[in-house]
Amino acid sequence: MSEMNWYVVHTYSGYENKVKANIEKTIENRNLQDQILEVRVPLQEVIEMKGGVKKNVAKKMFPGYVLVNMIMNDDTWYVIRNTRGVTGFVGPGSEPVPLTEAEMRNLGIAQDDANIEIEIDFEIGDLVEVISGALQDHQGIVKDINMNKQTVTIETEVFADCINDVEIGFLDVKKV
């Protein structure tokens with residue numbers, strides 16, 4: 001059996017999300033979940049200034065391209081290649097070329113995310129301080145730690161005399 005790789009698919013510009021949705025629907029209809037694992041339209045956070053107002057916006061990193069994690073065989077090639085809005089795979093001629101490990105890392109896609117160990121310096125019951133975001137400078141007691149989502153739930157006073165549980169990213173808190 002062939003191995004799972006990431007491939008780049010060229011689409012009509014502006015059709016990236018439609019192509020993603022069409023491929024996902026085809027995967028479901030043809031029961032190809034074990035051969036086509038994931039379809040992505042890579043986005044990046046950009047700060048735009050319009051009318052003197054800062055606004056965070058998600059922009060496509062590569063307009064006209066979609067990433068597909070799949071096992072390359074005749075069936076999967078045919079399904080992707082014949083999806084409405086797809087013009088072809090990236091590679092010489094009609095030969096799709098998978099992304100290398102280095103290219104995937106640059107895109108923020110790690111093959112072995114599950115093997116990455118995250119170390120934090122607080123545990124349940126510790127007092128932490130929020131160091132960024134809307135609750136900056138608030139303190140709270142750690143109630144739960146979710147390693148998969150990289151979040152911590154703290155009990156803090158959000159409004160006067162109102163104690164709430166709030167979920168915050170690891171990078172937004174520090175141990176007091």
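Helical content of the chain, expressed as a calculated mean residue ellipticity at 222 nm, amounts to -5000 deg cm²/dmol (DSSP H runs of 4 or more residues, -39,500 (n - 2.57) each, divided by residue number, nearest 500).
Compute the convex hull volume of the Cα atoms of segment 115-176, divide it by the residue count, and report the result per residue in Å³ as a whole number. Could the numbers behind the result be given before it?
On the way: hull volume 4.7 nm³, N = 62.
Cα convex hull per residue, to the nearest whole number: 75 Å³.
In what sequence, highest mean first, do 138-150, 62-74 appear when ranked by Cβ atoms within 10 angstrom?
On the way: 138-150: 14.3, 62-74: 17.5.
For the peptides 138-150, 62-74, the packing ranking is 62-74, 138-150.
Taken over segment 40-106, the alpha-carbon convex hull comes to 120 cubic angstrom per residue. Placing dummy labels 7 Å off each Cα toward the beta-carbon, the span from I124 to N146 is 1.5 nm.
What is the sum of charges, Lys and Arg at +1 and Asp and Glu at -1, for the other residues whose Cβ falls under 12 Å from the Cβ of V8? Cβ neighbours under 12 Å give a net charge of -1.
Accessible area, 1.4 Å probe, largest first: how do L127, L135, L171 sort? Show your work: numbers first, answer last.
Working: L127 70, L135 35, L171 155 Å².
The ordering from most to least exposed comes out as L171, L127, L135.
When Rg and the Kirkwood radius Rh are both evaluated on Cα atoms of segment 1-68, their ratio Rg/Rh stands at 1.12. Net length available on complete extension from S13 to D137 is 40.2 nm, with 0.36 nm assigned per residue and the Cα-Cα distance removed.
Against the chain, whose longest principal axis is taken from its Cα atoms, helix 16-30 shows a tilt of about 70°.
For the set S94, S132, the ranking by accessible area, highest first and with no ligand, DNA or RNA atoms included, is S94, S132 under a 1.4 Å probe.
Just the accessible area per residue of the chain, please: how many Å² with a 1.4 Å probe?
Details: 11670 Å² over 176 residues.
That works out to 66 Å² for each residue.
Within segment 1-116, the ratio Rg/Rh, alpha carbon atoms throughout and Rh by Kirkwood, equals 1.02. Net charge within 12 Å of I131 by Cβ-Cβ distance, Lys/Arg positive one each and Asp/Glu negative one each, not counting I131 itself? Computed value for this residue: -1.
Nonpolar atom fraction for the chain, defined as the carbon and sulfur part of the 1.4 Å probe accessible area, stands at 48 percent.
The values are calculated or read from the model by the stated rules, or taken from the named source; none is laboratory data. Because the structure is predicted, anything quoted here is derived from the model rather than measured. Neighbour counts are summed over all protein chains in view; Cβ atoms, including those assigned to glycine, are modelled from backbone coordinates with ideal geometry. Side chains are part of the model used for accessible areas, which takes the heavy atoms of the whole protein and leaves out ligands, DNA and RNA. Shrake-Rupley method; radii C 1.70, N 1.55, O 1.52, S 1.80 Å.
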